1. Among the listed residues 150, 187, identify the single one that is under 30 Å from residue 402 (Cα atoms) and either touching a strand residue (DSSP E or B) at 6+ places or on another chain (Cβ under 7 Å) or modelled with pLDDT of 90 or more (or both).
2. Of everything in segment 377-391, what is surrounded by fewer than 23 Cβ atoms within 10 Å (Cβ to Cβ) and either charged (D, E, K, R) or in contact (Cβ under 8 Å) with a residue 24 or more places away in the chain (or both)? Give them in sequence order.
3. Residue under question is residue 665, and the condition is that it be closer than 24 Å to residue 484 by Cβ and either surrounded by fewer than 21 Cβ atoms within 10 Å (Cβ to Cβ) or in the same structural domain as residue 534 (by TED's automatic domain parsing) (or both); does it hold?
4. Quick one: how many residues across segment 468-525 are part of a loop (DSSP other than H, G, I, E, B) and not polar (S, T, N, Q)?
5. Taking the condition of being buried (at least 19 other Cβ atoms within 10 Å of the Cβ) and either small (Gly, Ala, Ser) or over 21 Å from residue 282 (Cβ atoms) (or both), how many residues in segment 527-554 meet it?
6. Please go through segment 134-147 and pick out each residue that is out of contact with any Phe, Trp or Tyr (no Cβ under 8 Å at 6 or more places or on another chain) and either closer than 27 Å to residue 446 by Cβ or modelled with pLDDT of 80 or more (or both).
7. With respect to residue 153, determine if the residue is part of a loop (DSSP other than H, G, I, E, B) and more than 29 Å from the chain's Cα centre (by Cα).
8. Of 617, 649, which residue is at pLDDT below 95 and either small (Gly, Ala, Ser) or outside any strand (DSSP E or B) (or both)?
Amino acid sequence: MKRYFLLAITAICLISCSRSISIENFEDGLDKCSIEGESFFSLIETSNGNHFLKGSDDDQLSGSITTAEFDISKDYINMLVGGNKPSGWGRAMNSVQLIVDGESVCTVNSISDNPDSLEWVTMDVRNFKGKKGTIKIESAPAQTFGNYRIPRGFISVDQIEQSNKRLSHYYSVYETIVKADAKYLLIPASTKGANSRLSVMVDGVNILGQEQSCSPAISDIDYYIPIDVSKYKGQKIVVKLTGIKDNYTVFNAIKTSDETGNNYQERYRPVVHFSPSFGWTNDPNGMVYVNGEWHLSLQYNPYSTAHSNMHWGLSVSKDLIHWNDQPFVIAPDELGSIFSGSAVVDHNNSAGFGENAVIAIYTNSGSGQVQSIAYSNDGGYNFTKYDNNPVLVDKSQRDFRDPKVSWIGDKWVMALAVGQVIRFYGSKDLKEWELLSEFGEGIGSHNGTWECPDLIKFDYEGREKWVLFVSINPGGPNGGSITQYFIGQFDGKEFVADKLPYPLWVDSGVDNYAGVTYADAPDGRTVFQGWMSNWVYTGSTPTISFRNAMTLPRDLALKSNGKHLILASVPSPEVYAARCEEYSYDNNTSVDEYIIPSILENNEGAYEIDFTVVPDSKGEMSIELYNTQGERVTFNFDLSSNKLVLDRSQSGDVDFHKSFSNSVTVELIPRSEYRFQLFVDKFSTELFINDGDMAFTNCVFPSETYNSFKISSNDKFDVEDVKIYQLK
């Protein structure tokens, strides 16, 4: 009898232990919940008469609903969650959080591809058993990126309950242990992967500094995230990923290797343009010439091919063409992500960090935007952040970024983008700054946020002139991102622009943005390099293990267009030094078509085509590159209107974004003859006309190299001095 009694008690205990405990099912309304912010949640009745909670997708609303407090007595909290997946641009704006002792200790988001369905999501709460908690359902304010507002979407929740049984294949935090037995830790990832946060723990410390967003592979592996763990050889590494299902490819597939796991020679890997060996890049930063080397820092994401986790990457070159990637030099911190900025060589130790210290001045972007500094005493390879950062704050400004610093007269001068103007600040030591003046109201283009300024001195025919760069996004005449410039005078305090027909563009193409110049360039040169992409479609371009590149370096000067001064940019001498093979062609007079059927013998690589066209009349002319797949990029030139129109609608892969195949139009300076220099790399064309009259940079994504060239016209023309150079 006693035996049966014990069995019965055991059975009752097992049933009791396995039974779920409801935390909130929303069948009794929201009276037991506390509501903060705007009342944007509603109860939706289902066909069977039950209810679930649904948030509004109105981006103007934000707030939260928190359940009554409960005792955490089971291993798991299960709930049905629906709505939109987290944004790929940053943190999720809709979430369900477990709050313990006033802190958010566990977060889950929608995991469904169908926003109208709810799926089981499970929190592992074994570490919090015996404590009290609440569930907070939150919709944060919509995020903005420049002038772009990122849709927040909505969240739906139902049947929040405790249980000793996991009802979901989803892990709010997935952990796996890997031994550091090779150089790299490899995380399988995909451009269409999960939205996750990554931590890599050694002895309880996240060696990444803080959680980093990434896209671990759900099915196909597009690339591996390579993390150098060589300094931890033989140690145990704990990898943590949020938002993972046990049927994802990444689950139990994280490994180590002495190789990065990625194909560096993928289809669109440039030959003579800088691109990161892995990951995302945008604005060039911290550009400085030090000890015979060009240092190119850059907006860089080491953990994904999407824009997030902004660090300063670093690559170094002796010739501006061939680059050696270095470990990233500045990582996000408690002040926020590391946005754009500049670097200087402090020859006179004005900041007190050492003679000839390289000092980086950059924007921290977190709850607001502030300016910070870091210094290097080894020639710009390793940086230490200043203990008293930030050095410049203005809490009244949302857009307060991209410091470009130069020594002018007797002080450091910073040009800083602030909303729709440029502010100039002065400092003796790079630590204490005073406002000097402001420029920009009522002049130039204001069709987008002002960004990435640069103030440069030129000598023109014995006169001192100053040029101010200002990038704007969006607002370009052909859509998206572009950089304008102003010519004038700077007296050490104020910039005054000459009366010219603004806006004037540094490059009239659609894929040259945020460019600035190198500090301390040798021989008094002004060397410029820009980001070769456009914010309209940059996140969708069809590269795999890397995204985006930099333009070719250009040397800048002032010249006259016959009416007024303009900024002329021509390929830097280092570009010409990259020529390895030369092919010359005979001049042709009075023809209506000129064809080079084969540009490169092996149909691979990068090349330059130089030629001069002398038109007989004001007719129409087209310049065309094409390949054996029928793909072509065409420059249509109407000499009567002096307009050049780029057609890339048949250039190759154009379907990745609806705006990519739009035509690009620019007006040329009328001349009696036109010298063209056309540089073609794996996914780019850079056209220079008449020694700096115009630069025209545009990306293309052909399935194979354009290996044929044609000029045609409805009238006669002469073609002279035709040369092709292979570039390496």
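1. 150
2. 377, 378, 379, 381, 382, 385, 386, 387, 388, 389, 390, 391
3. So residue 665 passes the test.
4. Final tally of qualifying residues: 25.
5. 4
6. 135, 136, 138, 141, 142, 144, 147
7. No.
8. 617
The values are calculated or read from the model by the stated rules, or taken from the named source; none is laboratory data. Quick caveat: nothing in here was measured; it's all calculated off a predicted structure. Cβ: placed from backbone, ideal geometry, glycine included. Neighbour counts: every protein chain shown.
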